[in-house]
1. Taking only the alpha carbons of chain B, what extent do you get along each of the three principal axes, in Å, biggest first?
2. Taking a ≥ b ≥ c as the square roots of the eigenvalues of the Cα gyration tensor of segment B:48-122, is the shape rounded (a/c under 1.5), prolate (a/b larger than b/c) or oblate?
3. Given the protein chains as shown and a 1.4 Å probe, how many square angstrom of A:THR106 are accessible, to the nearest 10?
4. Kindly give the distances from A:PHE45 to its copy-mates, label point to label point, with each label point 7 Å from Cα along Cα→Cβ, as nm values to one decimal ordered shortest first.
5. Just the number, please: buried accessible area between B and A, total of both chains, 1.4 angstrom probe, nearest 100 square angstrom.
6. Could you work out [θ]222 nm for the protein assembly as shown from helices alone, using -39500 (n - 2.57) per DSSP H run of at least four and dividing by all its residues? Round to the nearest 500 deg cm²/dmol.
7. How large is the convex hull of the Cα atoms of the protein assembly as shown per residue, expressed in Å³ as a whole number?
8. List the GluC sites (Glu not before Pro) within segment B:25-74 that DSSP assigns to loop and that have no more than 15 neighbouring Cβ atoms inside 10 Å.
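The values are calculated or read from the model by the stated rules, or taken from the named source; none is laboratory data. Bear in mind that the values here come from a model prediction, so they are computed numbers and not experimental data. Glycine also receives a Cβ, built like all others from the backbone with ideal geometry; neighbour counts cover every protein chain displayed. Accessible surface areas use protein heavy atoms only, side chains included; no ligands, DNA or RNA. Shrake-Rupley method; radii C 1.70, N 1.55, O 1.52, S 1.80 Å.
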2 protein chains.
Amino acid sequence: MGRWEPNARGRLEQAALELYVERGYEQTTVAEIAKRAGLTERTFFRHFADKREVLFWGSGTVRDHLVNAVAAAPDSAAPIDAIAGAIESVDVVFQERYESARRRQTVIAANAELRERELIKLASLSAALADTLRKRGVPDPAASLAAEAGIAVFKIAFERWISGPGEPDFSQIVRESFDELKAVTAGG
Amino acid sequence: MGRWEPNARGRLEQAALELYVERGYEQTTVAEIAKRAGLTERTFFRHFADKREVLFWGSGTVRDHLVNAVAAAPDSAAPIDAIAGAIESVDVVFQERYESARRRQTVIAANAELRERELIKLASLSAALADTLRKRGVPDPAASLAAEAGIAVFKIAFERWISGPGEPDFSQIVRESFDELKAVTAGG
């Protein structure tokens, strides 16, 4: 792997997202993505298994980040606060990726199969967080409830973030959304 | 449609669930289901579009019940209480269906495609509830948060219900789970 590799990956991703938005995900071929990026199909397949993976490779990064952050929360942190702190800190992963995130969401919203894939990723994220809480000694159903509620907030905060005017502060939206969740579940 | 129809439907469902548990969902054919029920394939297809629909026809009933119950909640009810009351009352739909619900869950848990279908049904249920809350004048993100949190509780309460010893009281489990959610989100 040469020094140019990370750049190739980024160029391929950007080319793919542009094409998915312009022509539709179904209509875009790997050959077209490679051409737009000025690279070969062979190079595309060194970075991504297929054209769908361009949209979902980041899920693994987000998941690892969240699981590590929950595991590293202070012992004294309440489960929901461990989850909230982890989700707030995801903005590190999203850094410089606002335009990509918006394009990605447009593409996923337009395609039923991709929406299903996204739901599956979120469900597996919730399961991973519940598991991490259990390892911290949080019993069920508290572990599952905190994880599910956290993922619900994550989803809603993410949608607010990418549909906001300008580029709003993700961490701030997450904090506000957790406050709203607290108010909502309290029956306020 | 003769007087025997509802009975045929019930027999087909029971035969299908038995076979799915005994032999696996993938391995079971419509011909075998019809045979076990003592009916014809033609009769099967009068009741169900395919073998998957035997597992998911009830989702529509649950959804209609929940949407109607939320719409009919008193104007003064807080969004989360409207949702909680609706989910508690789902036990009417589950009446006499405990064994079927357990078998159904075993089958779904064993098959990735069915688990995905179930996630999609739950997501569409959450969207329908958020929509019903918006029609009651609840703004976003409160509407989405209450709906998502409610569906999370529904899922977790349902799992507790079918894995409990004996046949526990579904409404009671739902009430306890909403109380736990409240405690969890409060950071308790």
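1. Between the extreme Cα coordinates on each principal axis of chain B lie 53, 35, 27 Å.
2. prolate
3. Accessible area of A:THR106: about 80 Å².
4. 4.1
5. For B against A, buried area totals roughly 2500 Å².
6. Taken over the protein assembly as shown, the calculation gives -24500 deg cm²/dmol.
7. About 182 Å³ per residue, rounded to a whole number.
8. Loop-located and lightly packed - B:GLU26.
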